[in-house]
1. Would you mind listing the strands (runs of 3 or more DSSP E) fully within segment B:1-63 where at least 1 residues are within 12 Å of chain A (Cβ to nearest Cβ) and crowded, with 18+ Cβ neighbours inside 10 Å?
2. What residue, among those in segment A:57-79 that are under 13 Å from residue A:29 (Cβ atoms) and more than 23 Å from the chain's Cα centre (by Cα), is surrounded by the most Cβ atoms within 10 Å (Cβ to Cβ)?
3. Does residue B:86 satisfy being modelled with pLDDT under 85 and either surrounded by 13 or more Cβ atoms within 10 Å (Cβ to Cβ) or out of contact with any helix residue (DSSP H, G or I) (no Cβ under 6 Å at 6 or more places or on another chain) (or both)?
4. What number of residues in segment B:80-125 are more than 15 Å from the chain's Cα centre (by Cα) and within 14 Å of chain A (Cβ to nearest Cβ)?
5. Output the number of residues of segment A:102-131 satisfying the condition of being modelled with pLDDT of 90 or more and closer than 22 Å to residue B:57 by Cβ.
6. Listed residues A:72, A:92, A:81, A:68; which is at pLDDT 95 or above, more than 14 Å from every other protein chain (Cβ to nearest Cβ) and within 18 Å of residue B:79 (Cα to Cα)?
7. Exactly one of (1) within 14 Å of another protein chain (Cβ to nearest Cβ); (2) in contact (Cβ under 8 Å) with a residue 24 or more places away in the chain; (3) assigned to a loop (DSSP other than H, G, I, E, B) is unmet by residue B:66. Its number?
């Protein structure tokens, strides 16, 4: 694949080296001249100096034949415009941006970016798993941290005790996949009722974890 | 009228007669814009020194907050053209100034009825 990386900070540098050693054709664009000189001493012709937001530079860098454009600079507005211009001018099939402010993830998808990566969000999700507490125990994270598998213990005071699964108002993107009762895993149906001591295993979008917790929490 | 700027010192240039609100913060941050009252705004104008910040701010105003009129000052003529096609009113001061100067050089007249400079002097800022 031909992969263009915009932004030669630490993320861009290591990403370029990793992708190149995996056999991809890589071009790293860096705007700052002195940073460019340092990078090119090590990475040679893989690095090019210029502003990745400019259409003429995108032309010169071969955006027209790029399979993926990844924008990893430290400023979200630059990353957004790099990817939007790559789409508008050269119809690049896949654009990926790093977002520095986690709030920009949904905005950027709305504005046409194919994928976003937020280091802040990923680290936050990992920490929350460590200190999550309450009666919800995170078991695993899927899909880079935005889907979690959690374990909720049903206490004698839980508001869902003796209720059927179908009577719950679950948040969106939440799915109860199993109930562990007396050390046996049950595949539940809509009519399954919760009993004290049940471990409820559920898949949930990390954003809705708190809402799911509230469904089972003691009143 | 509310002005948002990252640096509080920038507000000094508004002078003492400016009666609008001043918000210190990043104009591409939805929370800051909400604090500035963007949800009730009739017009949003992005005029920072950075094209991309203006483009991003304008798109937030248009697509997140549905501000009826959204304008962005953009120095790069190509970006000004492309984002104009996406429905943002873009003001490319580069092409405007270059065009006026070309007219002045070739015809001896730049076709402006006035240059607005007196307005600023009259405001006594």
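1. Details: elements: B:2-5, B:21-24, B:43-46.
Output list reads B:43-46.
2. Here is the first cut: in segment A:57-79, the residues under 13 Å from residue A:29 (Cβ atoms) are A:57-63, A:66, A:69-73, A:78-79.
Going one step further and asking which of them are more than 23 Å from the chain's Cα centre (by Cα), we end up with A:57-63.
Working: A:57: 18, A:58: 26, A:59: 12, A:60: 11, A:61: 21, A:62: 14, A:63: 24.
Checked segment A:57-79; the qualifying residue surrounded by the most Cβ atoms within 10 Å (Cβ to Cβ) is A:58.
3. Details: modelled with pLDDT under 85: no; either surrounded by 13 or more Cβ atoms within 10 Å (Cβ to Cβ) or out of contact with any helix residue (DSSP H, G or I) (no Cβ under 6 Å at 6 or more places or on another chain) (or both): yes.
Answer is no for this residue.
4. Taking segment B:80-125 as the starting set, the residues that turn out to be more than 15 Å from the chain's Cα centre (by Cα) are B:81-82, B:85-87, B:95, B:97-125.
Subsequent filtering for residues that are within 14 Å of chain A (Cβ to nearest Cβ) retains B:81-82, B:85-87.
Total satisfying the criteria: 5.
5. Residues of segment A:102-131 modelled with pLDDT of 90 or more: A:104-117.
Within this subset, residues satisfying the condition of being closer than 22 Å to residue B:57 by Cβ are A:104-113, A:116.
Qualifying residue count for the region: 11.
6. Numbers: A:72 fails: within 18 Å of residue B:79 (Cα to Cα); A:81 fails: more than 14 Å from every other protein chain (Cβ to nearest Cβ); A:68 fails: within 18 Å of residue B:79 (Cα to Cα).
Answer to the selection: A:92.
7. It fails just one condition, (2).
The values are calculated or read from the model by the stated rules, or taken from the named source; none is laboratory data. Keep in mind it's a predicted model, so treat the numbers as computed, not measured. Quick reminder, even Gly has a Cβ in these numbers, built from the backbone with ideal geometry, and neighbours come from all protein chains shown.
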